[in-house]
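J.: Attaching a single structure in structure tokens format; questions to follow.
The values are calculated or read from the model by the stated rules, or taken from the named source; none is laboratory data. Treat the numbers as computed from the prediction; the structure is a model and nothing was measured. Using ideal geometry, Cβ is built from the backbone for each residue, glycine included, and neighbour counts are taken over all protein chains shown.
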């Protein structure tokens, strides 16, 4: 598995790894699964995808529903198929929920309580998301710590589960048990913060130069507007606001960069809690072919051992 914050170099590195190991790539990205969302999701280019087989890219239309639980179930099926064909599964992404649904399982929970959800949504419209987060802190501090104010549906779901079961959703998650037929070897890409933020800002500028606004316009032409959950994400949200005349272009650029930096920070906060991750420290002068070789070597060592001992012993991968 190869994880890390946005703009950390996962795509380039994953393709090099797949070529070295004879692998195929599973995208653990909650938006790359959708068609037409290319520039704003930093989806691998067609020529990159031609080099290595990719899964969970361009499989759904933007108005179709897809979630972490479904990704976990289907992803494990794909991995089992790869292993049966002697292919190395390389899971790549920055969506922590999707990654951990795949390797640890995800509590599906009771069905939706429409009346409860509507009441929560009314409260958000009247008072914002913060009061609901404060309420979640009272009943489920663990879930509240991981909560993202830009994704109120997850906060509502956590409160809903507590309302319906009387138990915190984090407790349900801990009780969830998934039987997998593989031992994940997890590598995380780490950058010094200033360098990462500089990469993020360059990427935002590149996305706009490549035609992010045209992509949003095309989505609207196809009938997919900003109200869709798939488009309520960094980049698309700011671009839609600009197209509707709610913000200036200067403000679009500022918010796009700021919100992407904040998203990267949340990603790292999530990943840093996992002691299984072997961190690879990168810098602007790091050669990605050398990184790919080092990761491939470390993966093969761990694979030959056939145990989880690496997770506690080797918390950082030195590069030569």
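J.: In the list 166, 128, which residue meets the criterion of being free of Cβ contacts under 8 Å to residues at least 24 places away in the same chain, more than 30 Å from residue 256 (Cβ to Cβ) and outside the structural domain of residue 237 (by TED's automatic domain parsing)?
T.: Values: 128 fails: more than 30 Å from residue 256 (Cβ to Cβ).
Just one listed residue meets the conditions, 166.
J.: Being free of Cβ contacts under 8 Å to residues at least 12 places away in the same chain and either outside any helix (DSSP H, G or I) or within 22 Å of the chain's Cα centre (by Cα) (or both) is the filter; apply it to the range 270-298 and report the residue that is surrounded by the fewest Cβ atoms within 10 Å (Cβ to Cβ). Steps first, answer last, please.
T.: Pass one, the range 270-298, residues free of Cβ contacts under 8 Å to residues at least 12 places away in the same chain: 272-273, 285, 287, 297.
Right, trim to either outside any helix (DSSP H, G or I) or within 22 Å of the chain's Cα centre (by Cα) (or both) and you get 272-273, 285, 287.
Details: 272: 12, 273: 10, 285: 5, 287: 9.
Out of the qualifying residues, it is 285.
J.: In the set 221, 233, 250, which member is out of contact with any strand residue (DSSP E or B) (no Cβ under 6 Å at 6 or more places or on another chain) and either surrounded by 14 or more Cβ atoms within 10 Å (Cβ to Cβ) or under 25 Å from residue 93 (Cα atoms) (or both)?
T.: Working: 221 fails: either surrounded by 14 or more Cβ atoms within 10 Å (Cβ to Cβ) or under 25 Å from residue 93 (Cα atoms) (or both); 250 fails: either surrounded by 14 or more Cβ atoms within 10 Å (Cβ to Cβ) or under 25 Å from residue 93 (Cα atoms) (or both).
The conditions single out 233.
J.: Within the range 138-147, can one find any residue that is more than 21 Å from residue 272 (Cα to Cα), surrounded by 13 or more Cβ atoms within 10 Å (Cβ to Cβ) and out of contact with any strand residue (DSSP E or B) (no Cβ under 7 Å at 6 or more places or on another chain)? Quick ask: steps written out before the conclusion?
T.: First, the residues of the range 138-147 that are more than 21 Å from residue 272 (Cα to Cα): 138-139.
Now drop any that are not surrounded by 13 or more Cβ atoms within 10 Å (Cβ to Cβ), which leaves 139.
Those left that are additionally out of contact with any strand residue (DSSP E or B) (no Cβ under 7 Å at 6 or more places or on another chain): 139.
Checked the range 138-147: at least one residue is more than 21 Å from residue 272 (Cα to Cα), surrounded by 13 or more Cβ atoms within 10 Å (Cβ to Cβ) and out of contact with any strand residue (DSSP E or B) (no Cβ under 7 Å at 6 or more places or on another chain).
J.: It is to be established whether one or more residues within the range 96-113 are surrounded by fewer than 20 Cβ atoms within 10 Å (Cβ to Cβ) and over 25 Å from the mean Cα position of the chain (by Cα).
T.: yes
J.: Out of the range 191-206, which residues are within 25 Å of residue 17 (Cβ to Cβ) and buried (at least 21 other Cβ atoms within 10 Å of the Cβ)?
T.: Passing the criteria: 191, 196, 200.
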